[in-house]
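Comments concern the structure below.
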């Protein structure tokens, strides 16, 4: 029986940092617009295939849209976190890192503090 070798890579940063997808800042719509549109009207984006539509339905089940037009992600504890676009996220990260939460922290702790502030 042939055995396939396992390739193990050593990284200098945690794996969750490498999973973050930097979006183009010139993007007109925020990342959550497809989810919000599906929650409001049950319409899909035109470019989605059958698997993409299924994935969007499953993903949308974790989110709640409010009367104010905002989208919120429900955590396992039942807390609602407001979804923000890239510009707002950059502002929130800057305030959380440099503002009254003065101590410098790693990326993981910064994300946890921002989620405690109620943002996703």
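The values are calculated or read from the model by the stated rules, or taken from the named source; none is laboratory data. This is a predicted model, so every value here is computed, not measured. All Cβ positions, even for glycine, are placed from backbone atoms using ideal geometry, and neighbour counts span all protein chains on display.
Of all residues in the stretch 33-55, how many are in contact with a helix residue (DSSP H, G or I) (Cβ under 7 Å, 6 or more places away or on another chain), surrounded by 13 or more Cβ atoms within 10 Å (Cβ to Cβ) and more than 23 Å from residue 115 (Cα to Cα)? Number satisfying all stated conditions: 3.
Please find, within the stretch 65-84, the residue that is farthest from residue 119 (Cα to Cα) out of those that are exposed (fewer than 14 other Cβ atoms within 10 Å of the Cβ) and in contact with a strand residue (DSSP E or B) (Cβ under 8 Å, 6 or more places away or on another chain). That would be 66. Determine whether residue 58 is touching a helix residue (DSSP H, G or I) at 6+ places or on another chain (Cβ under 9 Å) and modelled with pLDDT of 75 or more. So residue 58 does not fit the description; no. Residue 87 meets each of the listed conditions (1) modelled with pLDDT of 85 or more; (2) surrounded by 14 or more Cβ atoms within 10 Å (Cβ to Cβ); (3) within 14 Å of the chain's Cα centre (by Cα) apart from (2).
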